[in-house]
Ligand code: NAD
Ligand code: UDP
């Protein structure tokens, strides 16, 4: 049994990760400032003897004796991370520094939830870990993209300078139950709109692509990366190498829900990446990881979750 800290543990991916680690018998500390996460996501774990929730902002130092740190704290939806961009940079830079200092002090392994956004609007396709990216340093997405890039730099510098065991995972678009209904990301927006028979809002002409990974597969990949050999720092891509246009995604969700929704087209936000598709050769060979849940099966579980929750919202 290990003592494991999950920052951002009350968020979407973090809450699934906490559940899985508790299920394996570990002692889990879930730390979250609840900026965009919710106690509802971890409500069922609160009475578990191995689970502890601490409301804390990682921008401020904190100390625990732990063996592993999964650093997931950071708003992931563009709507949320652009709400207070300076805070997003602080979370990624000062927050990651605090978690690295902690890892260094207590000799814990640390896994950083990085992102496909480090590739920006990629000019290479599909994206391999060796690609350095095409990122606008001064745009609306930069607080997130550049914040996550600095976080990767900090991990590698702590590794080289202080010999901290670090693990960098570049997460591609992930979805599933427990995405917040007001999260603002595409899958939750489209499902909520389709269930309410409201117009589906496509930003741009819908030709931009993404590759969507179901959350159970992602959690499996994160844990495999944490347990991989200590000299494997990554970065490693985790995502489902199945690319779909946003228009095709909207049509698929409308069809699955048998919704009466129409589709409307709105202005594409600045720097919205045109194509995204992970090359997961490295994860396959080193972690023996393969996402197994199809988009159709994953959407079906996600739609069921939203059906149960959407109409109970105040
Ligand atoms: P989420 O927004 O649902 O969860 C993030 C959690 O972090 C929330 O509970 C939020 O309250 C918490 N948080 C934010 N700032 C904090 C701070 N300063 N201190 C403490 N807690 C803070 O996002 P998610 O989809 O679960 O993503 C988790 C991680 O994975 C993030 O770091 C994100 O950047 C990364 N990621 C996610 C995706 C995806 O598609 N879901 C893709 C790439 C990367
Ligand atoms: N998008 C959309 N309608 C929405 C929300 C998002 O068309 O209501 C588009 C968005 O412009 C982007 C894609 O869907 O091209 C994925 O957006 P999301 O915010 O989920 O994640 P991103 O991959 O852009 O960080």
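The values are calculated or read from the model by the stated rules, or taken from the named source; none is laboratory data. The model shown is predicted, which means the values in this text are computed figures rather than measured ones. Backbone-built Cβ (ideal geometry, glycine too); neighbour counts: all protein chains shown.
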Applying the selection to the stretch 87-130, what residues are crowded, with 16+ Cβ neighbours inside 10 Å and either in a loop (DSSP other than H, G, I, E, B) or at pLDDT below 95 (or both)?
108, 121, 122, 126, 129
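Okay, residues lined up against (1) within 30 Å of residue 4 (Cα to Cα); (2) over 18 Å from the mean Cα position of the chain (by Cα):
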position	(1), (2)
197	no, yes
203	no, yes
213	yes, no
221	yes, no
232	yes, yes
253	no, yes
265	no, yes
278	yes, no
Which residues, counting only those in the stretch 15-30, are part of a helix (DSSP H, G or I) and farther than 13 Å from residue 43 by Cα?
17, 20, 21, 22, 23
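Each row is one residue, and each column tells you yes or no for (1) within 16 Å of ligand 2 (Cβ to nearest atom); (2) exposed (fewer than 15 other Cβ atoms within 10 Å of the Cβ); (3) more than 25 Å from residue 81 (Cβ to Cβ); (4) free of Cβ contacts under 8 Å to residues at least 40 places away in the same chain.
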| residue | (1), (2), (3), (4) |
| --- | --- |
| 7 | no, no, no, no |
| 14 | no, no, no, no |
| 30 | no, no, no, yes |
| 51 | no, no, yes, yes |
| 62 | no, no, no, no |
| 68 | no, no, yes, no |
For the stretch 283-314, give me the residue count where each residue is more than 19 Å from the chain's Cα centre (by Cα) and part of a loop (DSSP other than H, G, I, E, B).
5
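Which of the helices (runs of 4 or more DSSP H) contained wholly in the stretch 160-272 include at least 3 residues that are within 16 Å of ligand 1 (Cβ to nearest atom) and either under 23 Å from residue 141 (Cα atoms) or touching a residue at least 12 places away in the same chain (Cβ under 8 Å) (or both)? If you could, list the steps in order and put the result at the bottom.
Numbers: elements: 186-195, 215-226, 246-257.
Once the helices (runs of 4 or more DSSP H) in the stretch 160-272 are filtered for at least 3 residues that are within 16 Å of ligand 1 (Cβ to nearest atom) and either under 23 Å from residue 141 (Cα atoms) or touching a residue at least 12 places away in the same chain (Cβ under 8 Å) (or both), what remains is 186-195, 215-226.
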